[in-house]
Amino acid sequence: MAREAALDDLYQGLTTLSRRARDVGDHLHPGLSLVAYTLLTRVDVTPGMRAADLASHFGLDKSTLSRQLEQLISAGLLRRDGERPGRRGYVLTLTAAGRQHLDVAARAVRDRLAERLTDWDDRDVAAFAQLVTRFNDSTGRP
């Protein structure tokens, strides 16, 4: 029964964390959905990404993905580059504005984390980071 109670606590905690992430996203990225921002970060860490790759990676419908990508392109954060030989579709690349946007957002999120964890000791912060990484690695999807 202790495991069930812990899983319930974890569910409640992750729900709160997700809601806070959406709130932070709305504050840092007005006009961008959390999905659009997530796509932007994936393009950043995975050079050569195409729309089909993103759809497959995140399990998104192509029409949903297309709307999100158009939002990022219209905002000047992402661009389509020439087709890769032997593969269908354009490669997606961050623009200079997209790079700056991600850098500013990352700094702001790290600052908020640091503020939230000021009363945690370094070992607890490291343990929390390790557990979050382990959890993310175990899901099979970032």
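Brief remarks on what is shown
- Any hit, region 60-73, residues being among the polar types (S, T, N, Q), touching an Asp or Glu at 6+ places or on another chain (Cβ under 9 Å) and either surrounded by 14 or more Cβ atoms within 10 Å (Cβ to Cβ) or within 22 Å of SER18 (Cβ to Cβ) (or both): no
- When LEU92, LEU131 are checked against the criterion of being in contact with a strand residue (DSSP E or B) (Cβ under 9 Å, 6 or more places away or on another chain), of a type in the set (A, V, I, L, M) and either over 20 Å from VAL43 (Cβ atoms) or modelled with pLDDT of 90 or more (or both), a single residue qualifies: LEU92.
- Where a residue in region 6-25 is surrounded by fewer than 10 Cβ atoms within 10 Å (Cβ to Cβ) and its partner, wherever it lies, is in a helix (DSSP H, G or I), with Cβ under 7 Å and at least six apart: none
- Pairing each residue of region 122-136 that is surrounded by 11 or more Cβ atoms within 10 Å (Cβ to Cβ) with any residue that is at pLDDT below 95, provided the two are 6+ apart or on different chains, yields C-beta distances under 7 Å for VAL125/LEU117; ASN136/PRO142.
- Scan region 42-54 for residues that are modelled with pLDDT of 90 or more and either within 14 Å of the chain's Cα centre (by Cα) or in a loop (DSSP other than H, G, I, E, B) (or both) and the total you get is 7.
- Number of the condition not met by ALA96 [criteria: (1) more than 17 Å from LEU39 (Cα to Cα); (2) surrounded by fewer than 13 Cβ atoms within 10 Å (Cβ to Cβ); (3) more than 17 Å from the chain's Cα centre (by Cα)]: (1)
- Restricting attention to region 55-70, the residues being free of Cβ contacts under 8 Å to residues at least 40 places away in the same chain and assigned to a helix (DSSP H, G or I) number 11.
- Every pair of residues 6+ apart whose Cβ atoms lie under 6 Å, when the first sits in region 83-108 and is farther than 19 Å from ASP53 by Cβ while the second is modelled with pLDDT under 85 and surrounded by fewer than 18 Cβ atoms within 10 Å (Cβ to Cβ): ALA105/LEU28; ALA108/LEU28
- Here the condition is being among the hydrophobic types (A, V, I, L, M, F, W, C) and under 23 Å from ARG20 (Cα atoms); of ALA108, ALA55, it holds for ALA108 alone.
- You will find that of ARG80, ARG99, ARG22, the residue that is of a type outside the set (A, V, I, L, M, F, W, C), assigned to a helix (DSSP H, G or I) and modelled with pLDDT of 80 or more is ARG99 and no other.
The values are calculated or read from the model by the stated rules, or taken from the named source; none is laboratory data. Everything numeric here is computed off the predicted structure, so don't read it as measured data. Quick reminder, even Gly has a Cβ in these numbers, built from the backbone with ideal geometry, and neighbours come from all protein chains shown.
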